Amino acid sequence: MAIVVDPDWWKTLFDEVYLITDARSVCDEVITCREVDVICELLPLDCSHKILDLCGGHGRHTLELYKRGYTNCTLLDYSKKLIDVAKTKANKNDYSVNFIQCDARSTDLPGGSFDHVIIMGNSLGYIQSPDADSKIIKEAFRILRPGGRLLVDVTDSSVVNNLFNPNSWHEIGEETVVCRQRELRGNMVYARELVIDKQKGLIRDQTYSIRLYDSESLDELLRHGGFSKVKIYTNLSAHPSDGDYGFMNNRMIGVGQKT
């Protein structure tokens, strides 16, 4: 039976359970540092620059950038639960970060207000509407100042297609098991995720979908959104070893400039 997905799955999945199921990627400080190293390498950052972490989740990149001296940061995400996690960490470290909870397609932020916008962690492709990602990229273009840059980090579909695994599972500690069933249909992956506690039983049974990009389609997405001087970097992974990390390895990055 084909996997059926609620179009609004992305409004509820990203919570405290997500931080458990994807902890190998999104809660690993070493991996976050490696990813921020790449951001600092590819963007001409200055400590005075205003940086927007769009679809920034629980703020791992924002907080690491702040730690490195880029203190004019704003974190925007749809998930209030993830933003609350980021706020707690920021308050604990006395980091003065701006937090916004809203839809990335329509932020209501003033035009031309940021020097850089980053979209990390494979955060495009969640909304099933075919023009959703285009709206996000165009919104990023609108809120960048002239000369500002966008950096987008996504899974490389050309690698996914070659290594696609329809079934995977991994254990988290001694108590939790995460099982995933996947279907690849064109440029979309549909998945069912079961999270099981060995003592308490089933924690989550939810489906979701992700639109995939290759280097050509990512380049087209950024140029269609208004960006020029687009460069695509492939064969990237912050993980130290191969493995099935739920599309959080085998990544590529697109960088474009508002000119």
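The values are calculated or read from the model by the stated rules, or taken from the named source; none is laboratory data. Source: prediction; values computed, not measured. Don't worry about glycine lacking a Cβ; one is built from the backbone with ideal geometry, like all the others, and counts go over all protein chains shown. For the accessible areas, the whole protein counts, side chains as well, though only heavy atoms, and no ligand, DNA or RNA atoms are used. Shrake-Rupley method; radii C 1.70, N 1.55, O 1.52, S 1.80 Å.
Couple of notes before you dig in:
- Taken over segment 226-259, the criterion of being out of contact with any Phe, Trp or Tyr (no Cβ under 7 Å at 6 or more places or on another chain), modelled with pLDDT of 95 or more and open to solvent by 10 Å² or more (accessible area, probe 1.4 Å) is satisfied by SER228, LYS229, VAL230, LYS231, ILE232, TYR233, VAL255.
- With respect to the conditions (1) open to solvent by less than 40 Å² (accessible area, probe 1.4 Å); (2) farther than 25 Å from ILE210 by Cβ, SER48 falls short on a single one, namely (1).
- Checking each residue in segment 199-225 for being touching a residue at least 60 places away in the same chain (Cβ under 8 Å) and open to solvent by 50 Å² or more (accessible area, probe 1.4 Å) picks out ILE203, HIS224.
- Residue list for segment 104-134, restricted to those being surrounded by 16 or more Cβ atoms within 10 Å (Cβ to Cβ) and among the charged types (D, E, K, R): ARG105, ASP115, ASP133
- For ALA86: the one exception among (1) crowded, with 21+ Cβ neighbours inside 10 Å; (2) small (Gly, Ala, Ser); (3) in contact (Cβ under 8 Å) with a residue 40 or more places away in the chain: (3)
- Test: ASP77 is open to solvent by 40 Å² or more (accessible area, probe 1.4 Å) and among the acidic types (Asp, Glu): no
- All of HIS58, HIS49 fail the test of being touching a Leu at 6+ places or on another chain (Cβ under 8 Å) and either modelled with pLDDT of 95 or more or among the small types (Gly, Ala, Ser) (or both), apart from HIS58.
- Hits in segment 1-37 - residues which are farther than 25 Å from GLU171 by Cα, assigned to a helix (DSSP H, G or I) and open to solvent by 40 Å² or more (accessible area, probe 1.4 Å): LYS11, ASP37
- Residue within segment 150-158 that is over 20 Å from GLY59 (Cα atoms) and in contact with a Phe, Trp or Tyr (Cβ under 7 Å, 6 or more places away or on another chain) present: yes
- The lone exception for ILE137 - which of (1) under 18 Å from the mean Cα position of the chain (by Cα); (2) open to solvent by 10 Å² or more (accessible area, probe 1.4 Å) it fails: (2)
- Any chance ARG142 is under 22 Å from LEU218 (Cβ atoms), modelled with pLDDT of 95 or more, in contact with a helix residue (DSSP H, G or I) (Cβ under 7 Å, 6 or more places away or on another chain) and open to solvent by 60 Å² or more (accessible area, probe 1.4 Å): no
- Any hit, segment 174-182, residues being closer than 23 Å to ILE118 by Cβ and in contact with a helix residue (DSSP H, G or I) (Cβ under 8 Å, 6 or more places away or on another chain): no
- Filtered residues of segment 114-135 (kept if over 19 Å from TYR208 (Cα atoms) and not small (Gly, Ala, Ser)): PHE114, ASP115, HIS116, VAL117, ILE118, ILE119, LYS135
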